[in-house]
Ligand SMILES: [Zn+2]
């Protein structure tokens, strides 16, 4: 017999969960706290933002804590226009060549090939 945690599914309303049914989540990039669980009634995965204190309480009750981070790509600086359908067609044609890799490398930093 363990701790029962009450959570709210957007579809089913209040549901009761055991500590093994939830995961507490902390983002290492933003320190944002959240938790997730699979609803025992409709099986939908529910994720909700919460406060750090709630995560601490959940973890001290035995809920598993997982850290995650935002993808590094979010911090990248991009130059040039976004990829257009014509670029994809050009790239596809380029990739049929045997020397596509050498051509791509010698094309340098984002210039057209
Ligand atoms: Zn549900």
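Quick notes
- Length, then width, then depth: along the principal axes, the Cα atoms of the chain run 65, 28, 24 Å.
- Relative to the dominant Cα principal axis of the chain, helix 85-95 is inclined by about 70°.
- Computed [θ] at 222 nm, helices only, for the chain once each DSSP H run of length n ≥ 4 contributes -39500 (n - 2.57): -6500 deg cm²/dmol
- The chain - share of DSSP beta bridges that are antiparallel (%, nearest 5): 75
- Relative contact order (%) - the stretch 1-112, alpha-carbon pairs under 8 angstrom, separation at least six: 21
Computed from the coordinates by the stated procedures, all read-outs in this text should not be read as laboratory data. Please read all numbers here as calculations on a predicted model, not as lab measurements.
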